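Below is one structure, written out as structure tokens; the observations come after it.
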Amino acid sequence: MPLVGSLKELSLAALIQLNCQEMNDVKISLEYLGKEGVIYCSRGNVVHAVSGSLSGAPAVVDLLGWQGGNFRVQNHTAPTEVTITQGWDSLLMEAMQRIDESGAAQEDQLTRLARDLDEIPTVQGVVIVARDGTVLAESVEGNAEKEGAVAVFLGNSAAQVGEALSLGALDWGVVNLGKIRLLVLERTNFFVALLLTEKASPALLAARVSDALAGVD
Amino acid sequence: MHTILNNVNAIYGVTGCFVCDREGNVVSSALPDLFDQDTLADIGRTLTRTIDGLSTLRRGKVVDIDLVYQNSRFVTMNLSGGCLCILCVRNVNLPLLTLTANMAVKKLNSLLTSTGANEKHRRHPWRQRLAARRSMPSLKIY
């Protein structure tokens, strides 16, 4: 009988470690937000992995980077092919190191982006904030968390209005608070909020920011 | 109120508009029939909550919110007793829309204020009596 569960309760790293130490021949099937992946363990090692178009060790790195999802472990399943030959422990160590590096690289990219956008003459400050309100990068005088909260709040409301009226995805939104205007752009994993001067054109800036954001998602 | 909304609707590119009170209830609507009242009420509640939330977060008054979607634009003007919501095409003439909407806001504000005052008087008859007494010429004994 297959073992089924959530990756939030039992991490993929723990699943791999457990099955390799137990010398189990298993197929671990994974799914997260419509994506699917699979890892085969055989005779105490990870021998094959697939995630989308990736296979082998890069697929393991990709799967270990998922923020959630569900797993299904089937026993006594032979691998369809062998794409990984290194030991499970060194594979996990390498994968974790790569995930840390890519996370740091994205953080650097966002910080650089925030600084670059803040240099636009009609922009007074920039905050890049995750959907849960965590400030990922900022270049603003004052309280970045407060500006980030405004961005998340507006983004969520805009999504509700868009859904109710079937208006499609939000391109950008502006809150006019008298002397200050806040431009908010939505991306898959985060919101970008720009504090604008009175002379700024939100439409032009939104287009410019969208160009700058290409490939950052 | 409907005449004011029709003036906004007259701008090229405006699909329709409606007014919500502070509780999000639709007070008046000039939108095509394909938008049902429940949907508009949901949107009204979302937007009044958003305006209140943003005002609290920023400790300032929200003047308006402009949301630009793939093919449409949704502009919300803050009123003293609710909000005016305008649905239009993405490339609407925004300066013209803003000008007309600002004029509409002034008229709607005074309408909503008087409606609110009447409502207050209805709930509290003593206010009405007090107002009537204040409007009476004072008696003088000669």
Inset, instruction - Could you tell me what % of all Cα pairs in the range A:123-162 have separations over 11 Å? - result: 59 percent
Legend entry - Residue-level accessible surface for residue A:48, protein heavy atoms, 1.4 Å, Å²: 10 Å²
Inset, instruction - Please calculate how many Å² of accessible area the protein assembly as shown carries per residue, with a 1.4 Å probe and no DNA, RNA or ligand atoms counted. - result: 54 Å²
Legend entry - Inter-site label distance for residue A:4 and residue B:63 at 7 Å from Cα along Cβ, in nm: 5.6 nm
Inset, instruction - Show that you can apply the helix-only estimate: for the protein assembly as shown, add -39,500 (n - 2.57) for every DSSP H stretch of four or more residues, divide by all residues, and state [θ] at 222 nm to the nearest 500. - result: -14500 deg cm²/dmol
Inset, instruction - Could you compute the FRET efficiency for residue A:17 and residue A:188, with r as their C-beta to C-beta distance and R0 at 25 Å, rounded to 0.05? - result: 0.25
Inset, instruction - Could you order B:61, A:179, A:35, A:27 by accessible surface area, starting with the largest, using a probe radius of 1.4 Å? - result: A:179, B:61, A:35, A:27
Inset, instruction - Just grab the label-to-label distance for residue A:36 and residue A:116, each label 7 Å out from Cα along the Cβ direction, in nm (one decimal). - result: 3.7 nm
Legend entry - B/A buried area, accessible surface, summed, 1.4 Å probe, Å²: 2400 Å²
Legend entry - With Cα atoms, 0 to 90° folded angle of helix A:144-164 axis to chain A main axis: 80 degrees
Legend entry - Relative contact order of the range A:79-146, pairs being alpha-carbon contacts under 8 Å that are 6 or more residues apart, as %: 21 percent
Legend entry - Residue (of B:11, A:149, A:120) at the positive-pole extreme of the protein assembly as shown, dipole from beta-carbon charges: B:11
Legend entry - In the range A:57-124, GluC sites (Glu not before Pro) in a DSSP loop with at most 13 other beta-carbon atoms within 10 Å: A:81, A:119
Legend entry - Sites residue B:25 and residue A:156, calculated FRET efficiency, Cβ-Cβ separation with R0 22 Å, nearest 0.05: 0.50
Inset, instruction - Please report, largest first and rounded to whole Å, the three semi-axes of the ellipsoid equivalent to the protein assembly as shown, where each semi-axis is the square root of five times an eigenvalue of the C-alpha gyration tensor. - result: 55, 23, 19
Legend entry - Theoretical FRET efficiency, 1/(1+(r/R0)^6), r = Cβ-Cβ of residue A:94 and residue A:180, R0 41 Å, to 0.05: 0.30
Legend entry - Unit charges on C-beta of K, R, D, E only; dipole of chain A, Debye: 340 debye
Inset, instruction - Might you work out the accessible area of residue B:23 for me, using a 1.4 Å probe with all protein chains in place, and round it to the nearest 10 Å²? - result: 120 Å²
Inset, instruction - Please quote Rg/Rh for the range A:19-143 to two decimal places, taking the Kirkwood radius as Rh and restricting both calculations to Cα atoms. - result: 1.17
Inset, instruction - With only Lys, Arg, Asp and Glu charged, each at its Cβ (+1 for the first two, -1 for the last two), find how big the charge dipole of the range A:1-81 is about the Cα centre; round to the nearest 20 debye. - result: 40 debye
Legend entry - Hull volume in cubic angstrom per residue (convex hull over the Cα atoms of the range B:16-78): 87 Å³
Legend entry - Relative contact order of chain A, pairs being alpha-carbon contacts under 8 Å that are 6 or more residues apart, as %: 15 percent
Legend entry - Cα centroid separation - the range A:92-158 against the range A:1-65, whole Å: 31 Å
Inset, instruction - List nothing, just return the count: lysine pairs in the protein assembly as shown, 8 or more apart or interchain, with Cα separation under 17 Å. - result: 6
Legend entry - Rounded to the nearest 20 debye, dipole of the range A:90-217 from Cβ charges on Lys, Arg, Asp, Glu: 440 debye
Inset, instruction - Could you work out how far helix A:202-213 tilts from the main Cα principal axis of chain A, as a 0 to 90 degree angle to the nearest 10? - result: 30 degrees
Legend entry - Accessible surface of residue A:38 - all protein chains present, 1.4 Å probe, nearest 10 Å²: 30 Å²
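The values are calculated or read from the model by the stated rules, or taken from the named source; none is laboratory data. Remember, predicted model here, so these are calculated numbers, not experimental data. Note: ideal-geometry Cβ built from the backbone for every residue, glycine included; neighbour counts use all protein chains shown. Please note that ligands, DNA and RNA were not included when accessible areas were found on the heavy atoms of the full protein model with its side chains. Shrake-Rupley method; radii C 1.70, N 1.55, O 1.52, S 1.80 Å.
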